[in-house]
Amino acid sequence: MKKILLLFVSFVMLGCAKKEVKIPTLAEKGIHEVQNNSLVWLFFEVQNNDTIALVNRKNTISTTHWIYNIDKRLPLKTIIPSIITLKYKHANSMHSEKGMHDYFSYSDTISKKLSFLEFDGVNYKTDSLLSKNFIKKNSADYINYNNINLIFNKNSIWIDEVKTEKYHFKDALISLIELSSDGKEPMLHLNFNQNLLYQDYLFYRTMIHAIDVKNILINQNEFIFNENKV
């Protein structure tokens, strides 16, 4: 079995090609050890003034956990299509094995170790439908929950209809959950602007994952939207 070395790093070099992946740096604790893994790399590159993601998964094995090392400078619109394809291949290959997960990697500044966030259960929706509209169309499935819609843009965050600051977001969200539960389990619905950088995306994802509120649920659907189409 292969065991990933736990180092505090801001970037990773890949072999003789000297390609660089600057992984996100976050002050959130995650999983610190994943055994029996394969590495997926998404590199940052600019071609004809456009930012693109170059994918390298040549050494991935379907019967292992997959760790995604993604450059923090990449916007979601350049990486989500690749992530969707890779997740499908990992789960549906003829050699796929149950119990194997997909993880994002990042540098944890608290423990000063490489950390991981599991995301294989996430279902990315890229048709520019926001969660509040999805809930309306599927109201019977969500009527028994305290549904809270979170919208993450490059320069603003909205908790339902209330705009909040990035670094006050967690406290504001916890306060809203505690005040509005009304006896129902809170369920968070996540919406991310497609132009959001991966660094910021993972900042919010790890923060939400670490929220310590009893019985909180996070909907597995994540809505990646084009602000010009919603």
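Those residues that are polar (S, T, N, Q) and either touching a Gly at 6+ places or on another chain (Cβ under 7 Å) or over 15 Å from Met187 (Cβ atoms) (or both), I need them from region 144-161; list them, please.
Asn153, Asn155, Ser156, listed by residue number.
From the list Leu76, Leu39, Leu114, which residue is under 21 Å from Leu202 (Cβ atoms) and either assigned by TED's automatic domain parsing to the domain that holds Asn153 or touching a helix residue (DSSP H, G or I) at 6+ places or on another chain (Cβ under 8 Å) (or both)?
Leu76
Run Thr25 past the list (1) β-branched (Val, Ile, Thr); (2) modelled with pLDDT of 95 or more; (3) in contact with a helix residue (DSSP H, G or I) (Cβ under 7 Å, 6 or more places away or on another chain) and report the number of the one that doesn't hold.
Condition (3) is where Thr25 drops out.
Looking only at region 56-94, filter to residues that are aliphatic (A, V, I, L, M) and over 22 Å from Glu45 (Cβ atoms); which one of those is modelled with the lowest pLDDT?
Looking at the filtered set, the residue picked out is Met94.
It is to be established whether one or more residues within region 115-132 are of a type outside the set (Phe, Trp, Tyr), over 12 Å from Asn191 (Cβ atoms), touching a Ser or Thr at 6+ places or on another chain (Cβ under 9 Å) and at pLDDT 95 or above.
Checked region 115-132: at least one residue is of a type outside the set (Phe, Trp, Tyr), over 12 Å from Asn191 (Cβ atoms), touching a Ser or Thr at 6+ places or on another chain (Cβ under 9 Å) and at pLDDT 95 or above.
Residues in region 138-155: is at least one closer than 30 Å to Asn37 by Cβ, in contact with a Leu (Cβ under 8 Å, 6 or more places away or on another chain) and in contact (Cβ under 8 Å) with a residue 60 or more places away in the chain?
no
Tell me, which helices (runs of 4 or more DSSP H) wholly within region 133-230 include 1 or more residues that are assigned by TED's automatic domain parsing to the domain that holds Lys29, in contact with a His (Cβ under 8 Å, 6 or more places away or on another chain) and farther than 25 Å from Asp108 by Cα?
The helices (runs of 4 or more DSSP H) meeting that bar number zero.
Could you identify the single residue in Thr206, Thr164 that is touching a residue at least 60 places away in the same chain (Cβ under 8 Å) and of a type in the set (Val, Ile, Thr)?
Sole residue among the options that is touching a residue at least 60 places away in the same chain (Cβ under 8 Å) and of a type in the set (Val, Ile, Thr): Thr206.
Take the conditions over 22 Å from Phe116 (Cα atoms), hydrophobic (A, V, I, L, M, F, W, C) and under 18 Å from the mean Cα position of the chain (by Cα) and apply them to Met187. Does it pass?
On the way: over 22 Å from Phe116 (Cα atoms): yes; hydrophobic (A, V, I, L, M, F, W, C): yes; under 18 Å from the mean Cα position of the chain (by Cα): yes.
Considered against the rule, which asks whether it is over 22 Å from Phe116 (Cα atoms), hydrophobic (A, V, I, L, M, F, W, C) and under 18 Å from the mean Cα position of the chain (by Cα), Met187 comes out as yes.
The values are calculated or read from the model by the stated rules, or taken from the named source; none is laboratory data. Keep in mind the model is a prediction, meaning the values are calculated, not measured. Cβ: placed from backbone, ideal geometry, glycine included. Neighbour counts: every protein chain shown.
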